[in-house]
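The values are calculated or read from the model by the stated rules, or taken from the named source; none is laboratory data. None of these values were measured; they are calculated from a predicted model. Cβ: placed from backbone, ideal geometry, glycine included. Neighbour counts: every protein chain shown. Accessible surface areas use protein heavy atoms only, side chains included; no ligands, DNA or RNA. Shrake-Rupley method; radii C 1.70, N 1.55, O 1.52, S 1.80 Å.
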Amino acid sequence: MPDFNAFSVRPSKIHGRGVFADAPIRKGARIVEYKGQKIDHAEGRRRDRFYNSIGYTLLIKLETHFIDGLIGGNESIYINHSTTPNAEAVEQRGRVFIEALRDISAGEEITYDYGYDPAEMARKAKWKPR
């Protein structure tokens, strides 16, 4: 697997499962590439409506396409959202990498800001799985 730093997926207090550092990660380090199927914007908007209806965020929107992490993705789909993240999503030549914004301690959950607007965050907070 071409991941750049050691991490594992475990139960999260934030939401379901999360990604946790298995060893310290230095500020600026690439943690993982957000992988998935590349789709055009029309298909991305269609899937986004469906994923939102079931309470999931699996798409990353880029200028030329979306990346659907559910199809052909990796563990990066379990990185949870935070408004005070310790990592960020960085686009480079049509690919997305998750990079550390600060030093991350071993055992710490890795998070990044999904870029939600406040109304979207309020709607997602009300969603409850059945």
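Close Cβ contacts (under 7 Å, 6 or more residues apart or on different chains) running from residues in segment 13-38 that are without any contact (Cβ under 8 Å) to a residue 40 or more places away in the chain to residues that are assigned to a loop (DSSP other than H, G, I, E, B) comprise Q37/I71; Q37/G72.
Yes/no matrix, rows are residues, columns are (1) in a helix (DSSP H, G or I); (2) touching an Asp or Glu at 6+ places or on another chain (Cβ under 6 Å); (3) more than 20 Å from I25 (Cβ to Cβ); (4) in contact (Cβ under 8 Å) with a residue 40 or more places away in the chain:
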residue	(1), (2), (3), (4)
T64	no, no, yes, no
I67	no, no, yes, no
G72	no, no, yes, no
I77	yes, no, no, yes
I110	no, no, no, yes
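Count of segment 28-57 residues, restricted to those that are among the β-branched types (V, I, T) and part of a helix (DSSP H, G or I), is 0.
Here's the yes/no breakdown for (1) open to solvent by less than 30 Å² (accessible area, probe 1.4 Å); (2) of a type in the set (V, I, T):
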site: R26; (1), (2): no, no
site: R49; (1), (2): no, no
site: I54; (1), (2): no, yes
site: L62; (1), (2): yes, no
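Is there a residue in segment 26-34 that is of a type in the set (F, W, Y) and touching a Ser or Thr at 6+ places or on another chain (Cβ under 9 Å)? The answer is yes, given that some residue of segment 26-34 is of a type in the set (F, W, Y) and touching a Ser or Thr at 6+ places or on another chain (Cβ under 9 Å). Per this entry, T84 is not counted among residues that are hydroxyl-bearing (S, T, Y), open to solvent by less than 40 Å² (accessible area, probe 1.4 Å) and either modelled with pLDDT under 95 or on the phi < 0 side of the Ramachandran plot (or both).
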